[in-house]
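Notes to accompany the following structure.
The values are calculated or read from the model by the stated rules, or taken from the named source; none is laboratory data. Just so it is clear, the model here is predicted, and its values are computed rather than measured. Don't worry about glycine lacking a Cβ; one is built from the backbone with ideal geometry, like all the others, and counts go over all protein chains shown.
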Amino acid sequence: MSKENIIVGIDIGSSVVRTVIAQAFSDVEIPRIIGVGEVPSAGIRRGTISDVEEVVKNINESVEKAERMAGITVKKANINIGGTDISFQDSKGVIAVGRADGEVVEDDLERVIIEAQNVVLPLNKEIIYVIPKNYRLDDQENIKDPLGMRGVRLEMNSLVIECSSNQIKNLTKCVHQSGIDINEIVLESLAAATSVLGKKQKELGVVLINIGGGTTGISVFEDGDLLHTSVLPVGAGHITNDIAIGLRTSIEIAEKVKLEFGNAIPEEVNKKEEIDLSEVDSQESGMVSRYHVAEIIEARLEEIFLMVNKELKSIGKAGLLPAGAVITGGGAKLPQIVDLAKNVLGLPAQIGFPINLGGIMNKVDDPSFSTVIGLIVWNEERKVDSQKSSKKVFGNVSVTTEETVKKMRKWMEKFLP
């Protein structure tokens, strides 16, 4: 088995660490999944690492499970980065076209992206991506790809994505201590979008809502471009915490109750229906109202969707995305969550499943695997896009060992269609 054909994604989440190993074939368009590993996560709070040793242990366990299934040893992987340390700001780069005849070439696109990095960064933050939105060449606006066009002044409107320097160092430290080299560090919400959203949805206008354990990532696309992205400090784990408090039970029992008896709309539940906790866990006793559990779930989910709607209002897109909302992540599996999203957001809504790959797809055909499958197809998407377009995204992510901290500046083919 050629090592060059092996693609590995490791999703280091607040509640679960997932590893997927896939094999690419030259005569087949999509990779084939050959190994999957999944373990509960510890040492991460709201997407931010709080205990390096715990995270290293979780990564090792998850990777080992996937390795045993695939029959290979993982050496290099794509990993995700997320959490509330992620921040965003709009930026503009302006340059004079370099060639005497005014033709825009690759060097001009590289220089204008570098210019867009000249923003005021908060303390201890660094840029991880500069994503072009559109270009302007002299008086012509809203250009998707100016390469080959002629003009004098080239401008680029972009979205600058930043992250805490310490978060990047801690993340890379955990992965390196697990004996794994980092191929790419990918923003969690972009990875999920890569595996879940189709080209038509991105063209029409869509918001992807990725409900994780500790955070909820949102990404808004329109005309094929990333319009806005954000990370909200609330996730599915908060629903579990609310249930544990409301029922005066443990987190473990609350999670089981949520998954087995949860509902996002209380009106769909019979008010007289009760849950026997002894059936959930033999150590528990007592009866609780299923309607009350649904009320707790509805309150927290409504809060999440209201926060999403606030983000949409901030960019003038509330209720104005024809492809609606696509809900993914582990929190997307609650019954009636789609109906609640429709009511709160005033948009069409659906559950987002990861792209159908080959191999043991039955192991990952679940919204909770959207991010890790996105890490698998990330490089394949870039290969396809590199054949179609010369537009690029600038990555500036540290992937260093503890002893040596370097900035990896790397041109990446644009993943967006």
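In table form, for the structure just shown:
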| item | result |
| --- | --- |
| Which listed residue, of GLY93, GLY102, GLY83, is touching a strand residue (DSSP E or B) at 6+ places or on another chain (Cβ under 7 Å), at positive phi and touching a residue at least 60 places away in the same chain (Cβ under 8 Å) | GLY83 |
| Which numbered condition GLU203 misses (of (1) assigned to a helix (DSSP H, G or I); (2) surrounded by 23 or more Cβ atoms within 10 Å (Cβ to Cβ)) | (2) |
| Segment 93-110: number of residues that are closer than 20 Å to TYR129 by Cβ and surrounded by fewer than 16 Cβ atoms within 10 Å (Cβ to Cβ) | 3 |
| Complete set of residues in segment 127-156 that are more than 25 Å from GLU203 (Cβ to Cβ) and either without any contact (Cβ under 8 Å) to a residue 24 or more places away in the chain or surrounded by fewer than 18 Cβ atoms within 10 Å (Cβ to Cβ) (or both) | ASP138, ASP139, ARG150, VAL152, ARG153 |
| Segment 76-90 - residue that is of a type in the set (A, V, I, L, M) and in a strand (DSSP E or B) and, of those, nearest to SER164 (Cα to Cα) | ILE81 |
| Hey, VAL112 touching a residue at least 24 places away in the same chain (Cβ under 8 Å), farther than 28 Å from ALA323 by Cβ and part of a loop (DSSP other than H, G, I, E, B) or not | no |
| Those strands (runs of 3 or more DSSP E) lying entirely in segment 1-75 with at least 3 residues surrounded by fewer than 21 Cβ atoms within 10 Å (Cβ to Cβ) | 32-40 |
| Lone unmet requirement of (1) more than 28 Å from ASN210 (Cβ to Cβ); (2) at pLDDT below 95; (3) outside any loop (DSSP other than H, G, I, E, B) for VAL94 | (2) |
| Scope segment 163-206; condition charged (D, E, K, R) and in contact with a Ser or Thr (Cβ under 6 Å, 6 or more places away or on another chain); matching residues | GLU188 |
| All helices (runs of 4 or more DSSP H) inside segment 218-284 with 3 or more residues being surrounded by 18 or more Cβ atoms within 10 Å (Cβ to Cβ) and not aromatic (Phe, Trp, Tyr) | 236-247, 251-261 |
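One line per residue, one yes/no per condition, for (1) part of a helix (DSSP H, G or I); (2) buried (at least 19 other Cβ atoms within 10 Å of the Cβ):
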{"site": "VAL288", "(1), (2)": "no, yes"}
{"site": "GLU298", "(1), (2)": "yes, yes"}
{"site": "LEU301", "(1), (2)": "yes, yes"}
{"site": "ALA318", "(1), (2)": "no, no"}
{"site": "LEU321", "(1), (2)": "no, yes"}
